[in-house]
1. If you build a Gaussian network model of the chain, linking Cα atoms that sit under 10 Å apart, which residue out of 15, 373, 149 swings the most?
2. Hey, fewest Cβ within 10 Å first, where do 194, 372 land in order?
3. Taking the chain as a Gaussian network, where each spring joins two C-alpha atoms under 10 Å apart, which residue of 188, 392, 134 fluctuates the most?
4. If R₀ is 35 angstrom, what is the calculated FRET efficiency for the pair residue 384 and residue 63, using the beta carbon separation as r and rounding to 0.05?
5. On a 0 to 90° scale, report how tilted helix 253-262 is relative to the longest principal axis of the chain, with both axes built from alpha carbons and the result rounded to the nearest 10.
6. Relative contact order of the range 312-421: what whole-number percent is it, with Cα pairs under 8 angstrom and at least 6 residues apart?
7. Quick check on the exposure proxy: order 272, 253, 204 from fewest to most C-beta atoms within 10 angstrom.
8. Multiply the residue separation of residue 330 and residue 252 by 0.36 nm, subtract the distance between their alpha-carbon atoms, and state the gained length in nm to one decimal.
Ligand code: HEM
């Protein structure tokens, strides 16, 4: 029922219910269509006790939108926390790579980093014994480069075709729906004992590395052998390492159990508090570099992600630093919607023939289309490159950047390239 006291911010309706009223233009609540909302607390009713009218578009819009707030959580690495920052390059690496971000000392490239656990669902605790994801999106002037790594230098399997089995065995058991966020359970042991190549990663996974004290005390690894390629087309194998400025620290199991009970958000709170108080976490990016000759002579296949190349044999050379200096304004907008894809590389950085990496290059794009609802997820600000984009891809659900001009194909005679609005 409409209220009699329209001038007052909280007027009392005929049924004794409170009604809010918009006060002025600037703080007037509106619908998504921009129409002012007179009352956000009471639906339109026939008489004091209803029924509610279906024609109340304000109520319908509010509820319909709420009903659709969730998107699918990530199939792995569902629980994560993100932060913005920059990568600062130490020196000129032109002899190794033509990637723009590595050409000038002091050059800063904006980044977004998402840390994650692997097995737990989105609402699980921060400190289970689990591998941590360390995913970095570099917004370079030659496009986005995603270095999607973990805090362990090796992986459980050598071939991506085994990944669905590995994850099925490690996540909750399908009949009972538990345990979650626990790698130590029957299905997992069943699987890994049938998968001898997983033993190396298991030793790391069951070590203190998988119960880090904080995300700021954690190393990161690109895991695979990638390639740097210079202007002359010469290629060097490269493995990427993140070394935390604070060093490497873990909790012990008793502490982890207490922390998970007392503060399931322990790691995300720690990262948030550190950045908010100006204590910006830093990592050095280091590279192990080697050539085809080394690869041919090395005791293991350098394309096998279950093996490391010992740092004693190929030392890690620091090439730049990562600083996280800005928390997100909105966790959904950035941390949930960020779409890392290992296929996102830039000129001067290339994939290798590692079969695990090749499988990942298919999987991440595929899963983002499902999770973010269509092919236009690069239009979401956190995924959009910060350099010019010109292409003829168009339309699809939620198209925000649309080609302008008559020709939407190439080659063409009217315009040599497409402008994106
Ligand atoms: C070296 C091995 C691997 C590493 C280091 C790794 C790392 C990661 C990280 C860090 C994330 C979370 C990204 C984020 O924060 O949004 C992630 C997600 C994911 N990974 Fe992997 N992963 C590996 C192997 C694989 C393989 C072999 C596959 C599939 C064949 C795969 C499929 C996925 C999928 C589907 C997601 C969810 C992506 C999303 O929804 O955003 N990963 N991985």
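Every read-out reported here was derived from the displayed coordinates using simple, explicitly stated rules and does not represent laboratory data. Just so it is clear, the structure is predicted and the values come from calculations on it, not from any experiment. Virtual Cβ from ideal backbone geometry, glycine too; neighbours counted across all protein chains shown.
1. Looking only at 15, 373, 149, the largest GNM fluctuation is found for 15.
2. Values: 194 10, 372 22.
Least to most surrounded, the residues fall as 194, 372.
3. It is 392.
4. Numbers: r = 31 Å, r/R0 = 0.88.
Efficiency, rounded to the nearest 0.05: 0.70.
5. For 253-262 against the chain, the angle is about 10 degrees.
6. Values: 89 pairs, mean separation 20.1, N = 110.
The normalised contact order for the range 312-421 reaches 18 percent.
7. Values: 272 15, 253 12, 204 18.
Fewest-to-most ranking of 272, 253, 204: 253, 272, 204.
8. Numbers: separation 78, 0.36 × 78 = 28.08 nm, distance 3.23 nm.
This chain segment gains 24.8 nm when fully extended.
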